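The values are calculated or read from the model by the stated rules, or taken from the named source; none is laboratory data. What you see is a predicted model; the values in this text were computed from it and never measured. Note: ideal-geometry Cβ built from the backbone for every residue, glycine included; neighbour counts use all protein chains shown. Calculation scope for accessible area: heavy atoms of the full protein, side chains included, ligands and nucleic acids excluded. Shrake-Rupley method; radii C 1.70, N 1.55, O 1.52, S 1.80 Å.
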Amino acid sequence: MARRYDSRTTIFSPEGRLYQIEYAMEAISHAGTVLGVLAKDGIVLAAEKKVTGKLLDLSSVKEGGYGGSGEKIFLLNSNVVAGVAGITADANSLVNFARQAAQRHLYLYNEDIPVELLAQRLCDMKQGYTQYGGLRPFGVSLLYAGYDPHYNFQLYHSDPSGNYSGWKATCIGANNGTATSLLKQEYKDDITIEEAIKLVLSVMSKTMDSTTLGSEKLEFATLTLDPTTKKPKAKIYRPSEVDELLQEQGLAKKEEDDKSA
Amino acid sequence: MECSFAITGKGYVIVAADTTAAHSIIKVKLDEDKIKTLSPHLLMAYSGEPGDTVQFAEYIERNIRLYQIRNTYPLRPSSAASWIRRALADSLRSRKPYSVNLLLGGYDTSTYTPHLYWIDYLGTLTEVPFGAHGYGSYFALSLLDRYHDPEASLEEGLATLKRCIDEVSKRLLVAPGRYKVKVVDKDGVREVEI
């Protein structure tokens, strides 16, 4: 009888809680960390990859595609990049839905979908799964980093219940409490994209389990405005570019560490 | 016969349309407003088959308003134009198409620029510095080729519009008598007298 209110998403417990939603959120707090920071001239997203290992075949993601390894950071539209935390299979389905919603908007209105609208579209769908019976909610939180002419650069977070909110800097996934308090201390209004990249990498290096950062554990993306066209330009870093960036910031693995390991 | 003109200038769009409601060879009304305010910074002049015009304009007006209520901010002029073009293009391919020509003038509050779109009943959409529909267009377009200035002040713009209206009154056999003129700029929509 203890599991009476656990088994159905659509039923409130006597304390007025929806357990399945809370469990979904719990699932997310064990997932790899995703961090987003809003700067005045762009946005930075970074994510910790959990599925790693010597035997994992990454050859397909080294060259092809639009960058990244396709585990945590996705391009939703030309003006929105998203980082996901939670059940990867659920995330893939949401990413697919988001891309279709963005294209539908483009078809109807001949403009890139406004960022908040895209977040709303996904949240409407997520909310539906907390209300209609027999279904399990999406075990996914997303960070949306986007640009539109209405509010320029924006960072949104959405959770399995279908709530969404805008942030200057935020974090989802494992250790999000530590990361958030670090961001609170370090974040300043009007930071530049370069400072934001530094901030994100330093917070990531402090919150991740491993002592050294590398492309096998980290996904990284930025969204800026192209200086000539004034259109948003998303850049999801390829593994080699992530390593290069870490080298520049002095956070990369040292050669001696490699030999001793 | 029905005439509508629109011209852009420095930070504004002027939209003008005649105010005659005709039935066969009879003028039945002389103060009909054929320019709808679709959103705080968007104007639409409509002309064409009587009945179709009002029906279609109201359909557009309400859908643009619905978007604004749902999404807290209004559609930008370029997006609204694309959506309206789609509505006409879909209608053209239905059993009974709307026969409506439009001039859509708007001020984009996110880029601070005025925009004017010329749309016809076949679903043609073009962004233009000035545009016209009806028999008046044969006179107005050549005048505007000569006198239009995208950097003109509102007073100069209204003077250019006056030139067009006067020329149409002078030369067109079936020239309308009165016009309604509306302006959209950073402060929104307002009616002006010429």
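Restricting to the stretch A:72-118, and then to whatever is closer than 26 Å to A:G32 by Cα and charged (D, E, K, R), can you tell me which residue is nearest to the other protein chains (Cβ to nearest Cβ)?
Taking the candidates together, the pick is A:E116.
Yes or no: the stretch B:124-144 includes at least one residue that is out of contact with any Ser or Thr (no Cβ under 6 Å at 6 or more places or on another chain), within 23 Å of A:H105 (Cα to Cα), small (G, A, S) and at pLDDT 95 or above.
Scanning the stretch B:124-144, I find no residue that is out of contact with any Ser or Thr (no Cβ under 6 Å at 6 or more places or on another chain), within 23 Å of A:H105 (Cα to Cα), small (G, A, S) and at pLDDT 95 or above, so the answer is no.
For the stretch B:65-88, give me the residue count where each residue is of a type in the set (S, T, N, Q), open to solvent by 20 Å² or more (accessible area, probe 1.4 Å) and assigned to a helix (DSSP H, G or I).
Going through the stretch B:65-88 one residue at a time, the tally reaches 2.
Could we say that B:A57 is touching a residue at least 40 places away in the same chain (Cβ under 8 Å), out of contact with any Lys or Arg (no Cβ under 7 Å at 6 or more places or on another chain), under 20 Å from B:V184 (Cβ atoms) and among the small types (G, A, S) here?
No; evaluated as a whole, the condition is false for this residue.
Could you grab me the full set of residues in the stretch B:176-191 that are in contact (Cβ under 8 Å) with a residue 40 or more places away in the chain and outside any strand (DSSP E or B)? Quick ask: steps written out before the conclusion?
Of the stretch B:176-191, the ones in contact (Cβ under 8 Å) with a residue 40 or more places away in the chain are B:176-186, B:188-189.
Scanning the stretch B:176-191 gives B:P176, B:G177, B:R178, B:K186.
(1) closer than 25 Å to B:E151 by Cα; (2) within 12 Å of chain A (Cβ to nearest Cβ): which one isn't true of B:N63, the others all being true?
Condition (1) is where B:N63 drops out.
Just checking, how many residues over the stretch A:139-151 are surrounded by fewer than 24 Cβ atoms within 10 Å (Cβ to Cβ), under 26 Å from B:P77 (Cβ atoms) and either more than 14 Å from chain B (Cβ to nearest Cβ) or not hydroxyl-bearing (S, T, Y) (or both)?
3
Can you tell me which condition A:K184 does not meet? The list is (1) open to solvent by 30 Å² or more (accessible area, probe 1.4 Å); (2) out of contact with any Lys or Arg (no Cβ under 8 Å at 6 or more places or on another chain); (3) of a type outside the set (V, I, T); (4) modelled with pLDDT under 95, and all the others hold.
Going through (1) open to solvent by 30 Å² or more (accessible area, probe 1.4 Å); (2) out of contact with any Lys or Arg (no Cβ under 8 Å at 6 or more places or on another chain); (3) of a type outside the set (V, I, T); (4) modelled with pLDDT under 95 one by one, A:K184 breaks only (4).
Could you look through the stretch A:120-138, keep only residues that are open to solvent by 60 Å² or more (accessible area, probe 1.4 Å) and away from chain B (no Cβ under 14 Å), and pick out the one that is nearest to A:V37 (Cα to Cα)?
This residue is A:Q127.
Tell me which residues, restricted to the stretch A:83-119, are buried (at least 17 other Cβ atoms within 10 Å of the Cβ) and farther than 23 Å from B:T72 by Cα.
A:G83, A:V84, A:A85, A:G86, A:I87, A:T88, A:D90, A:A91, A:L94, A:V95 - these are the residues of the stretch A:83-119 that are buried (at least 17 other Cβ atoms within 10 Å of the Cβ) and farther than 23 Å from B:T72 by Cα.
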